[in-house]
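Step one of this worksheet: look at the structure below.
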Ligand SMILES: [Zn+2]
Ligand SMILES: [Zn+2]
């Protein structure tokens, strides 16, 4: 399956057109013609090697929605013409305790789960390539059904931003009437505000961009607080039962600790780089837990898609052409996007210049997990 894509081959390079062949569909798999792909902050981190684990070439994209073009033998849940989505994973061992529980992101099998891009590197140097591309194939267990009520362009960001914020609210049992804080109102945070409201919480949003306040109120937040405004912060002292912290870089978590209620939890979702000088005294005296949470499993991803359909929750998106991805990365870094870029993949399929200038790179691996057929 010949595919056109955008990716990068070193940390310092911008994304440019690439081409490669994806493997043909096998039993239990479906092929998807990609129509839309969300632009996640992780895409930028991975493409720029911020986490020092990137594998080249890097073709980002794990908020993939498209139309099924082919089904392999034995596929039960999809037929040609259905819409389907792929989130952050394309495979896992499907046998360990976490996989059996539907938490494939915590797979403890031989090779852990296979991420949609930057997945395990094989000895021949190939890795998995994501949704900044025209087509992909995946095992049907890792494909999501897109509810009829949700347009493809709106479904895409739910596959990472939606499930990543929904999962800890579900896991920690956010209850009706509790106070939920959301720190960082970008792609993830703006979904967290809406999902928290749908779950019956009072939602307090925290931002360092006061110019966003009106837009965040419009999402349904009960209060929107400028983190640098000490008086506004003090109003919420000791009230938050949970804080969903989506800030995707190293920051001072201590500013939020005084706002936490007794026996409350902070779920850290976007910062892989640690905290300096965490004020554990405040945590001890009020039994405040700081937890990490990574994306969400396939069943939770389906659940949040259905929840968004039921409660009429939609990400606010800006549709972009594939060739504008480097500019989109710059704007995301400058926090100048409300609130999620989504790539219209037709723009790449129609781009003759990209097709003729694309550099051929190694063919990617698909969801291979060692020891599993
Ligand atoms: Zn993501
Ligand atoms: Zn597993």
For region 161-292, list log₁₀ I(q)/I(0) at each q in 0.13 Å⁻¹, using the Debye formula over Cα point scatterers of equal strength and ignoring solvent, two decimals each.
-0.45
Please report the antiparallel percentage of DSSP beta bridges with both residues in the chain, rounded to the nearest 5.
50
Relative contact order [Cα under 8 Å, 6+ residues apart], the chain, whole percent
22
Which residue fluctuates the most in the chain, going by a Gaussian network model with Cα springs under 10 Å, if the choices are 314, 26, 352?
352
Residue 326 to residue 175: extension gain in nm, 0.36 nm per residue of separation minus the Cα-Cα distance?
50.3 nm
Let me check the size of the chain from its C-alpha atoms; what are the radius of gyration and Dmax in Å?
20.2, 63
R0 of 41 Å, Cβ-Cβ distance residue 97-residue 353: FRET efficiency to nearest 0.05
0.25
If the chain between residue 211 and residue 230 were fully stretched, how many nm would it gain, using 0.36 nm times the residue separation less the Cα-Cα distance?
5.1 nm
Two-site label geometry, residue 51 and residue 77: point separation in nm, points 7 Å out along Cα→Cβ:
2.4
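Test of understanding: what is the full-extension gain from residue 282 to residue 360, defined as 0.36 nm times their sequence separation minus their Cα-Cα distance?
Answer, rounded to one decimal: 22.6 nm.
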Among 177, 109, 162, the residue with the largest mean-square fluctuation in a Gaussian network model of the chain built from Cα contacts under 10 Å is 177
Just to be sure I understand the model, the point goes 7 Å from the Cα along the line to the Cβ. What's the resulting residue 318 to residue 263 distance in nm?
4.4
Name the residue, out of 103, 336, 350, whose mean-square fluctuation peaks in a Gaussian network model built on the chain with Cα pairs under 10 Å.
350
Measuring from label point to label point, each 7 Å out along Cα→Cβ, what is the residue 254 to residue 346 span in nm?
5.3
Defining a contact as two alpha carbons under 8 Å apart and six or more residues distant in sequence, what relative contact order in percent does region 234-352 show?
19
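Values quoted throughout were computed directly from the atomic coordinates according to the rules given, and no laboratory measurement underlies them. What you are looking at is a predicted structure, and each value in this text was computed from that prediction instead of being measured. Because the Cβ atoms are built from the backbone with ideal geometry, glycine has one as well, and the counts that use them run over all protein chains shown.
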